1. Is at least one residue of segment 156-163 of a type in the set (Gly, Ala, Ser) and not in a helix (DSSP H, G or I)?
2. Among the residues of segment 41-62, write down those that are aromatic (Phe, Trp, Tyr) and surrounded by 14 or more Cβ atoms within 10 Å (Cβ to Cβ).
3. Report, by residue number, each residue of segment 1-16 that is assigned to a helix (DSSP H, G or I) and of a type in the set (Gly, Ala, Ser).
4. Only one residue in Ser59, Ser103, Ser67 is in the same structural domain as His136 (by TED's automatic domain parsing), more than 30 Å from Leu134 (Cβ to Cβ) and polar (S, T, N, Q), so which one is that?
5. Just wondering, is there one or more residues in segment 120-143 that are part of a helix (DSSP H, G or I), among the charged types (D, E, K, R), at pLDDT 90 or above and in the same structural domain as Arg99 (by TED's automatic domain parsing)?
6. Give me the pairs: first residue in segment 168-193 and closer than 15 Å to Gly116 by Cα, second residue among the polar types (S, T, N, Q), beta-carbon distance under 7 Å, and six or more apart or on different chains, which are they?
7. Could you list, in sequence order, all residues of segment 17-60 that are modelled with pLDDT under 90, more than 23 Å from Met154 (Cβ to Cβ) and outside any helix (DSSP H, G or I)?
8. May I ask you to list the residues in segment 1-16 that are charged (D, E, K, R) and modelled with pLDDT of 85 or more?
Amino acid sequence: SSEKESCFQASLRKVKHYTSETANLILEELKAPPTIGVVAGFIVGAIPQVKALFVGVSSPLRVIQDSISLLGDGTIPGIILVMGGNLVKGLSSSKLRPRVIVSVVCVKLVLLPLIGIFVVKGASNLGLLPEDPLYHFVLMTQYTVPPAMNIGTMAQLFNVGQQECSVLFLWTYLLAAIAITFWSTVYMWILFP
């Protein structure tokens with residue numbers, strides 16, 4: 001009986017420990033600047049009185065919205081600079097085998113677009129999507145684009161696989177120009193007969 005109680009107490013301690021760890025992780029994620037920005041943007045956009053303070057020609061706090069917009073204009077060039085740095089860093093020191101690179105590129109630029117065609121056409125045939133062919137084209141194109149920059153950012157943040165990400169980015173972005181052109185033609189041929 002005492003053995004069962006001690007086993008139960010040990011299990012209970014583990015559950016409490018994992019619960020508190022999970023709660024701490026969630027709280028840390030909620031404190032992250034992107035999350036705070038999303039919540040603040042949602043509040044400003046959802047409440048008309050607050051929105052009127054920030055957005056509009058005669059709004060009293062327009063300078064804040066202009067400043068945020070100015071900062072936002074620099075994000076794309078900043079991301080491109082980070083990507084360029086990643087590519088240069090990874091080219092010299094990656095240990096990825098060519099077979100792995102070819103496999104990832106084939107899955108990302110050949111297999112995923114094929115899957116995208118079937119998913120979008122299947123959802124359309126089930127009536128889950130509007131009948132707008134341009135909408136279908138945009139959905140299919142999402143399956144064709146190279147990997148997001150966030151993957152490289154996460155690799156840098158956690159200091160894991162930076163060189164590998166750089167090499168994969170290099171090859172997927174180099175071949176994406178050809179793949180996007182090819183798949184866009186295929187999508188138009190399918191959607192606009």
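The values are calculated or read from the model by the stated rules, or taken from the named source; none is laboratory data. Nothing here was measured: the structure is a model prediction, and the numbers come from that model. So basically every Cβ, Gly included, is an ideal-geometry build from the backbone, and we count neighbours across all protein chains shown.
1. Residues of segment 156-163 of a type in the set (Gly, Ala, Ser): 161.
With not in a helix (DSSP H, G or I) added as a condition, the list becomes 161.
The answer is yes, given that some residue of segment 156-163 is of a type in the set (Gly, Ala, Ser) and not in a helix (DSSP H, G or I).
2. Going residue by residue through segment 41-62, those that are aromatic (Phe, Trp, Tyr) are 42, 54.
Scanning segment 41-62 gives a single hit, Phe54.
3. Correct list: Ser2, Ser6, Ala10, Ser11.
4. Values: Ser59 fails: in the same structural domain as His136 (by TED's automatic domain parsing); Ser67 fails: in the same structural domain as His136 (by TED's automatic domain parsing).
From the options Ser59, Ser103, Ser67, the qualifying one is Ser103.
5. The initial filter retains those residues of segment 120-143 that are part of a helix (DSSP H, G or I), namely 120-125, 133-142.
Now narrow it down to the ones that are among the charged types (D, E, K, R): 121.
Among the residues that remain, those that are also at pLDDT 90 or above are: 121.
Filter once more, so that each one left must be in the same structural domain as Arg99 (by TED's automatic domain parsing): 121.
Checking segment 120-143: at least one residue is part of a helix (DSSP H, G or I), among the charged types (D, E, K, R), at pLDDT 90 or above and in the same structural domain as Arg99 (by TED's automatic domain parsing).
6. Qualifying pairs under 7 Å: Ala179/Thr144; Ile180/Thr144; Trp183/Thr144; Ser184/Thr141; Tyr187/Thr141.
7. Hits for segment 17-60 are Val55, Gly56, Val57, Ser58, Ser59.
8. First, the residues of segment 1-16 that are charged (D, E, K, R): 3-5, 13-14, 16.
Across segment 1-16, the qualifying residues are Arg13, Lys14, Lys16.
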